[in-house]
Amino acid sequence: MLQLHRAGHIELPPVRFVPRNPLARTRRPPARRVEVEPVPIRCSLPELGELDFRQVRRTPEEPLVASLLEDHHYLGYTQPVGEHLKYLVSAGTRPVACFVWSSAPRHLGPRDRFIGWSAAARKSNIRFVAYNSRYLILPWVEVRHLASHLLGRMMRRLSADWERAYDHPIYFAETFTDPTRYRGTCYRAANWVRLGQTTGRGKNDQTNRPNRPLKDVLGYPLTKRFRELLGDAG
């Protein structure tokens, strides 16, 4: 009936009561800040020294990643749901970058066409796709080629880390970039592929009209056999 109402075929009475959605308000991260002064880091990549990747979900450093993203990422911080991993990258004792990976959207046209899987295979195998929901180089870090270097290292460890956490690997990674803000240069330099653009309608769209900015969809196969592995509905 709601669909008929939205399509203009019938008219329902006004809504009298809207129940509170406990998920409508996303909790802000704990008020934890970087323990060192944000002194600018300007050097070459070799001069930066050894870089330490730490998966911090369910560790004492998890609130630090949340706070850094809330303060310095243009989208802020949103707590992922479902399977997800969070990373802090440091040079010595100095944080330089953060990553957040989460479960992939169920329906994403450019990705689905690129993989070429059936609806049954997508439903069965979507768990083998990870979505890079946040990537942040801290604003006081100015190191040429750092962003693509970190992406390359991240992709070499993501599947194994995911399997340790959730008992299954990752075969394909994806992300969105806003072309009005960024060209996605670091992803392209790390061999990610532009798959197309979103429709701008969001996952809960009921109108079939764009209601948000269009995003570029980028993908990265973690194995040459990704189509074979993802296309098998089992």
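The values are calculated or read from the model by the stated rules, or taken from the named source; none is laboratory data. These figures come from a predicted structure and were not determined experimentally. Heads up, the Cβs are rebuilt from the backbone with ideal geometry, glycines too, and the neighbour counts pull from every protein chain shown.
Going by the conditions given, is residue 111 under 17 Å from the mean Cα position of the chain (by Cα) and under 15 Å from residue 219 (Cα atoms)?
The answer is yes for residue 111.
Looking at 207, 177, 199, which is the one that is at pLDDT below 95 and crowded, with 18+ Cβ neighbours inside 10 Å?
After applying the criteria, what remains is 177.
Output the number of the condition that residue 141 fails; it satisfies all remaining conditions of (1) modelled with pLDDT of 95 or more; (2) of a type in the set (Val, Ile, Thr); (3) under 30 Å from residue 228 (Cα atoms).
Unmet for residue 141, out of (1) modelled with pLDDT of 95 or more; (2) of a type in the set (Val, Ile, Thr); (3) under 30 Å from residue 228 (Cα atoms): (3).
Within the range 149-171, can one find any residue that is crowded, with 20+ Cβ neighbours inside 10 Å, modelled with pLDDT of 95 or more and either of a type in the set (Lys, Arg) or in a strand (DSSP E or B) (or both)?
No - not one qualifying residue is present in the range 149-171.
Can you name every residue in the range 131-147 that is under 18 Å from residue 77 (Cβ atoms), touching a helix residue (DSSP H, G or I) at 6+ places or on another chain (Cβ under 9 Å) and either aromatic (Phe, Trp, Tyr) or without any contact (Cβ under 8 Å) to a residue 60 or more places away in the chain (or both)?
132, 135, 137
Those residues that are surrounded by 20 or more Cβ atoms within 10 Å (Cβ to Cβ) and basic (Lys, Arg), I need them from the range 64-99; list them, please.
Scanning the range 64-99 gives a single hit, 86.
Quick check on my filter: what residues within the range 156-175 are hydrophobic (A, V, I, L, M, F, W, C) and in contact with a strand residue (DSSP E or B) (Cβ under 6 Å, 6 or more places away or on another chain)?
If the condition is that a residue be hydrophobic (A, V, I, L, M, F, W, C) and in contact with a strand residue (DSSP E or B) (Cβ under 6 Å, 6 or more places away or on another chain), then 170, 172, 173 are the ones that fit.
Can you report the number of residues in the range 43-63 which are loosely packed, with under 11 Cβ neighbours inside 10 Å and among the basic types (Lys, Arg)?
Count: 1.
Does residue 107 satisfy the condition of being in contact (Cβ under 8 Å) with a residue 40 or more places away in the chain, at negative phi and surrounded by 17 or more Cβ atoms within 10 Å (Cβ to Cβ)?
no
Looking only at residues that are surrounded by fewer than 19 Cβ atoms within 10 Å (Cβ to Cβ) and not in a helix (DSSP H, G or I) in the range 114-130, which one is farthest from the chain's Cα centre (by Cα)?
Checked the range 114-130; the qualifying residue farthest from the chain's Cα centre (by Cα) is 118.
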